[in-house]
1. In the calculated pair distance distribution of chain A, what percentage of Cα-Cα distances lie above 23 Å?
2. Would you mind putting A:105-116, B:182-193 in packing order, based on average other-beta-carbon counts within 10 Å, highest first?
3. Over the stretch B:92-198, what is the relative contact order in whole percent, taking alpha-carbon pairs under 8 Å and six or more residues apart?
4. How about the stretch B:31-81: which trypsin sites (Lys or Arg not before Pro) there are in a DSSP loop, with at most 13 other Cβ atoms within 10 Å of their Cβ?
5. How do A:67-77, B:166-176, B:106-116 rank on mean C-beta neighbours within 10 Å, highest first?
6. Nearest 0.05, what FRET efficiency do residue A:47 and residue A:116 give at R0 = 25 Å with Cβ-Cβ as r?
7. Taking only pairs that are 8 or more places apart or on different chains, how many Lys pairs in the protein assembly as shown have Cα atoms under 21 angstrom apart?
8. With only alpha-carbon atoms in the gyration tensor, what are the semi-axes of the equivalent ellipsoid for chain B, in Å, largest first?
Amino acid sequence: MLASAAGAAEHVRIRQAWARPTVPGQPVGAAYFEIATERDANLVDLRSDAADLVQIHTMTHDGGVMRMRQVAQLKLIAHQPVRLTPGGLHVMLLDLKKPLRAGESIALELTLVDSAGRRQTVRTSVPVRTSAPSGRDQ
Amino acid sequence: MNGRRIALITFAAVLAGCERPPAPPPPAFAATDLTGAPWGRDFQFADHQGRLRKLADFRGKAVMLFFGYTHCPDVCPTALADMAQVRARLGADGEKVQGLFVTLDPQRDTPQLLRQYVPAFDPTFLGLSGDEATTATTAADFKVFFARQKPDAGGHYTVDHSGGIYVFDPQGRLRLVMMPGLSAEAMAADIGQLLKGT
């Protein structure tokens, strides 16, 4: 079952996805969502129509210094939602093809591999907006 | 004692008990008060139009100075957007506020790129860049830590850096640093106070 602004495939649910608008010249963008799985899995790959390269990064605020580090594989534990939010884990959209404009949407495709080695692709539409959707938005 | 003397003694006692009106309290800012700091006095960078700029060029305006880089997906665009909101919130007084963005990544943030990126937040904002040495020296002077990370196979890299928007009053004195988390509303109120001369 695939919903519109949320993504769901067998055993995977994505909620509250959003991406920040970017300005002309801005080479990278950020997107956020909450992801939950029914089986343990690793999020191993992300793609988007909006950017040439998509990665997940942590952000830590360490004695006043902000550091981002790429997470090669995001570990997902069954029934434990992981939230990507400003100031924490986030999707980095690198080499943006064009600015992200509020009101538009971008496509995000996630590849998960479970402990049995089964690969699964989830596609979701991510709205570009100036702030996070409220709890009621999916 | 007669009534008049009592009155005089009482009057003197009351006068002695009166204090002078207290001095006005120091201004209260939502941002971190840096007034009197013996550092962060000046800078010299080329702006995105190729003109050499120093702090004195902006005398008469409150200056908001932010160190960041354009490959920063969240904190930097948010700070610049907040700075733009401050100008908008101050209405006519916004004319007396200057936003400046100093790149910590001059290798990628060329004047051409800054010319697109910075004014998109507010057309009056200026992107500033210098060579590696000037960038390092000025950042150190403002106690801004930054460290470029090793590029990946594709040449991508991030820059660790400390946050905060430095604010100078119209007399060119460093007064405040606005740390991430401060609302644009609070920032505008602080800048409004500086413009009033408090």
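Rule-based calculations on the coordinates, nothing more; no lab input. Just so it is clear, the model here is predicted, and its values are computed rather than measured. All Cβ positions, glycine included, derive from the backbone under ideal geometry; neighbour counts span all protein chains shown.
1. Pairs farther apart than 23 Å: 30 percent.
2. Top to bottom by mean Cβ count within 10 Å: B:182-193, A:105-116.
3. 19 percent
4. Of the trypsin sites (Lys or Arg not before Pro), the ones in loops of the stretch B:31-81 whose Cβ has at most 13 other Cβ atoms within 10 Å are B:41, B:51, B:59.
5. Top of the packing list down: B:166-176, B:106-116, A:67-77.
6. Efficiency for this residue pair is about 0.60.
7. Within the protein assembly as shown, the lysine pair count is 5.
8. The answer is 47, 17, 15 Å, longest axis first.
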